[in-house]
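One structure is given here, and the rest of the page talks about it.
FYI, it's all coordinate maths here, none of it is from the lab. As the structure is a prediction and not an experimental result, all values here were calculated from the model. Here the Cβ positions follow ideal geometry from the backbone for every residue, glycine too, while neighbour counts run over all protein chains shown.
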Amino acid sequence: MEKRRVVITGLGTINAIGHNVEQTWQSIQDGVCGIDEITNYDVNLTKVKLAAEVKDFDVTNFLDRKSARRMDRFTQFGLIAAKEAYHDANLEDAIIDRDRFSVYVSSGIGGLGTIETDHSKALEKGYDRVSPFFVPMVIVNLAAGTIAIELDARGMCTCPVTACAGGTNAIGDAYRSIKDGYSDIALAGGCEATITPLGVGGFASMKALNETTDKSRASIPFDKQRAGFVMGEGAGMLVLEEYQHAMNRGAKIYGEIIGYGVSCDANHITAPLPDGSGGAKAMINAIQEANIEANQIDYINAHGTSTPLNDQCETSAIKIALKEHAYQVAVSSTKSNMGHCLGAAGGIEAIVCIKAMQDSLIPATINYQEKDDNCDLDIVPNVNRKQDIQITMSNSLGFGGHNASILFKK
């Protein structure tokens, strides 16, 4: 079967710097940092005091109160972003084959907040008093399932769970589904809500989180003083569509997906391969599928978590994959703005890549101060850059050695 072209026709997000795509992109342009003191729970419960929370969030501004109460926060975020993308793609009144409308939505952890709350109730009142909605609120696939129900998407509905690579895997898997003829249209991305005592405490015990109380020095990708990531939350969703299908219904087109690459380090439960070779394979696979030369890539939105090991390994991976072009390509991490949203990161960062192409603007890595000789690429420090962008790459690397890379074309 002839491979089909896949385009992006809708975008939706909610995160620490915006409740929608317009707010988020404006915050990126303004260099806003969404990191602040934790308010989701009593900050004295954990030694980590900062996170990138979705601020001023009243779910009833987005969803029906009764149905929202039956969803964990991660599903709420996912559905909010999905509905924005669906509306943006003008699908409400579109005549489409619902049996070929798929949903690929990831979450790294799922309903952690509900698990904590209901477990505490069970200890107090007994386990037979656990809410009947407990299981559907916590299981990781229920964001995808809820979105499919809400949008009447009756095609493939699935949830890749690959830690922090999940959002990018979801988009890539949806791309392949359309490219290979199994779907005509798909809602894809990720959602996460793990700024909870157990979530923050668990990552902190691993020494994965920065423990500073200085908001401007907490998430500092590629900076020599980086000391761990900052937990973020939210969702990022895209509507993907077969090119001719989009053209036939007069949809606006943001860009095209041209390549998707995956690999596994097969090395360690949390640490990436020190030489970056695993991440490089994912990038090389994406470049090969896109049938482009590495020097055609204008911008890379890096995984760039602000952990000492990740940023150094990803720098090495980019050098392996792009060779001499690694020093010419712009590489920034918008986790400096919105923290690390785990399974949602790839979805949100895909939107950043698409908006960057649309507006010819490369987002800066903000709050950068001290150069690290081991992270010596052009990381666009502190100031956004006006530049024509034809092709962007988004990288996501997850615990378990999961590597995912995707290429977007203007």
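Listed peptides 302-313, 268-279 appear in the order 302-313, 268-279 once ranked by packing, highest mean of other Cβ atoms within 10 Å at the front.
Do any of Lys224/Lys386; Lys371/Lys409; Lys179/Lys386 go past 29 Å between their Cα atoms, and which?
On the way: Lys224/Lys386 26 Å; Lys371/Lys409 31 Å; Lys179/Lys386 32 Å.
Pairs exceeding 29 Å: Lys371/Lys409; Lys179/Lys386.
Taking square-rooted eigenvalues a ≥ b ≥ c of the alpha carbon gyration tensor, is segment 6-248 rounded, prolate or oblate, where a/c under 1.5 means rounded and, failing that, a/b exceeding b/c means prolate? It is oblate, given that a/c is not under 1.5 and a/b is not larger than b/c. Please say if segment 260-409 is rounded, prolate or oblate, where rounded means a/c under 1.5 for a ≥ b ≥ c the square roots of the C-alpha gyration tensor eigenvalues, and otherwise the choice is prolate for a/b larger than b/c and oblate otherwise? Taking the square roots of the gyration eigenvalues as a ≥ b ≥ c, segment 260-409 is rounded. Rounded to the nearest whole angstrom, the semi-axes of the ellipsoid equivalent to the chain, taken from the Cα gyration tensor as √(5λ), stand at 29, 28, 18, largest first. Other residues whose C-beta falls under 12 angstrom from the C-beta of Asp64 contribute a net charge of +4, scoring Lys and Arg +1 and Asp and Glu -1. With both partners inside segment 6-248, how many of the DSSP beta bridges are antiparallel, as a percent to the nearest 5? Looking only at bridges with both residues in segment 6-248, the antiparallel portion is about 65 percent.
Here Asp152 and Gln288 are evaluated by their C-beta separation; at R0 = 56 Å the FRET efficiency comes out at 0.95.
Shape of segment 284-339 from its Cα gyration tensor (a ≥ b ≥ c, root eigenvalues): rounded if a/c is under 1.5, otherwise prolate when a/b > b/c, or oblate? Present the calculation step by step, with values, prior to reporting the outcome.
Details: a/c = 2.07, a/b = 1.74, b/c = 1.19.
The shape class here is prolate.
For the pair Lys386 and Lys252, a Förster radius of 30 Å applied to the C-beta separation gives a FRET efficiency near 0.85, rounded to the nearest 0.05.
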